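The values are calculated or read from the model by the stated rules, or taken from the named source; none is laboratory data. Computed from a predicted model, the values in this text were never measured in an experiment. Cβ: placed from backbone, ideal geometry, glycine included. Neighbour counts: every protein chain shown.
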Amino acid sequence: MKEAAVISARALRLACEAAQPGTTTAEVDEVAETVIREAGAEPTFLGYGGFPATICASINNEVVHGIPSKRIKLCRGDIFSIDVGATYKGWVGDNANTVAIGGETDAESQRLIDLTRKALYAGIEQCVPGKRLGDVSAAIGAVGHGGNLGILRDYVGHGVGRVLHEDPNIPNYGTAGRGPILRAGMVFAIEPMFTLGTHKVGRRADGWTVTTQDGSRAAHIEHTVAITNDGSLILTVED
């Protein structure tokens, strides 16, 4: 899984670097696919449930599952969420990041990104043997609630391994001390999804793109994390 996760991390980093003002989301998708295939891996998302691309490309009020397009160009000040997975030797790595296009955005959007990342690491800190799944969810949710952010209800983190989505589901809110006990060997995709408005979302006619109902901006940041006897281990980082 570490090998798959490193490939996924490299694809995400280079896709984020390619996401510049004037670039189309399809061009960013092409970068990620090239990285994955050149490493001898397969794009996990491509064809998964019928999804037509390597990355999920979500801009501003699009939360997750945006479809890359040759017609959509990124603009300075946009916030852009990229979600990408790689499958290597039968194992999956899954990660996501939200970036400000052109390296700058408004203060509230930057606050949203910063708190989403903070929530991710708060959840990861709870991924140790003996904790409960609710401890992970509660830690993520505490950051979102503290920042007065919308916390998605309908889309959650998940187990990951031989396939992209495995049990258990990992909500980004919850009650500490509840749920299954965490044990070494479990691997999770931890992925806070927050908005600057409410948690309510809808889906576009393309059947994939999830957007905020109130038009507020959204962020999505994710790592694949293994639970070991020594604590949490982030797999989706490059060596």
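Quick notes on this structure:
- Inside the range 214-234, residues that are under 14 Å from the mean Cα position of the chain (by Cα) and not in a strand (DSSP E or B) make up a count of 1.
- Meets criteria (at pLDDT 95 or above, over 21 Å from F188 (Cβ atoms), more than 15 Å from the chain's Cα centre (by Cα) and not acidic (D, E)) for G22: yes
- Any hit, the range 168-190, residues being at pLDDT 95 or above, surrounded by fewer than 19 Cβ atoms within 10 Å (Cβ to Cβ) and within 28 Å of P68 (Cα to Cα): yes
- Test: residue in the range 29-41 that is assigned to a loop (DSSP other than H, G, I, E, B) and either farther than 16 Å from N95 by Cβ or out of contact with any helix residue (DSSP H, G or I) (no Cβ under 6 Å at 6 or more places or on another chain) (or both): yes
- Selected residue (only one of R162, R153 is under 21 Å from D114 (Cα atoms) and of a type in the set (K, R)): R153
- Just one of the listed residues (R37, R71, R76) is free of Cβ contacts under 8 Å to residues at least 12 places away in the same chain and surrounded by fewer than 21 Cβ atoms within 10 Å (Cβ to Cβ), and it is R37.
- Residue that is farthest from P68 (Cα to Cα), among those in the range 40-49 that are of a type outside the set (D, E) and touching a residue at least 24 places away in the same chain (Cβ under 8 Å): G40
- Residue check, V31 surrounded by 17 or more Cβ atoms within 10 Å (Cβ to Cβ) and more than 30 Å from T198 (Cβ to Cβ): yes
- Among the criteria (1) more than 18 Å from N60 (Cα to Cα); (2) of a type in the set (A, V, I, L, M, F, W, C); (3) free of Cβ contacts under 8 Å to residues at least 24 places away in the same chain, the one A205 does not fulfil is (1).
- Test: G144 is of a type outside the set (A, V, I, L, M, F, W, C), part of a helix (DSSP H, G or I), touching a strand residue (DSSP E or B) at 6+ places or on another chain (Cβ under 9 Å) and in contact (Cβ under 8 Å) with a residue 40 or more places away in the chain: yes
- Qualifying positions in the range 135-155 - buried (at least 19 other Cβ atoms within 10 Å of the Cβ) and out of contact with any helix residue (DSSP H, G or I) (no Cβ under 7 Å at 6 or more places or on another chain): D135, S137, A138, G141, G150, L152
- Members of the range 1-26 that are surrounded by fewer than 19 Cβ atoms within 10 Å (Cβ to Cβ) and in contact with a Leu (Cβ under 9 Å, 6 or more places away or on another chain): K2, Q20, P21, G22, T23, T24
- Candidate set: the range 82-124, residues that are without any contact (Cβ under 8 Å) to a residue 24 or more places away in the chain and assigned to a helix (DSSP H, G or I); chosen: the one surrounded by the most Cβ atoms within 10 Å (Cβ to Cβ): A122
- Strands (runs of 3 or more DSSP E) wholly inside the range 150-205 that include at least 2 residues being closer than 15 Å to L133 by Cβ, among the hydrophobic types (A, V, I, L, M, F, W, C) and touching an Asp or Glu at 6+ places or on another chain (Cβ under 8 Å): 187-190
- Residue in the range 177-189 that is under 14 Å from the mean Cα position of the chain (by Cα) and closer than 20 Å to V92 by Cα present: yes
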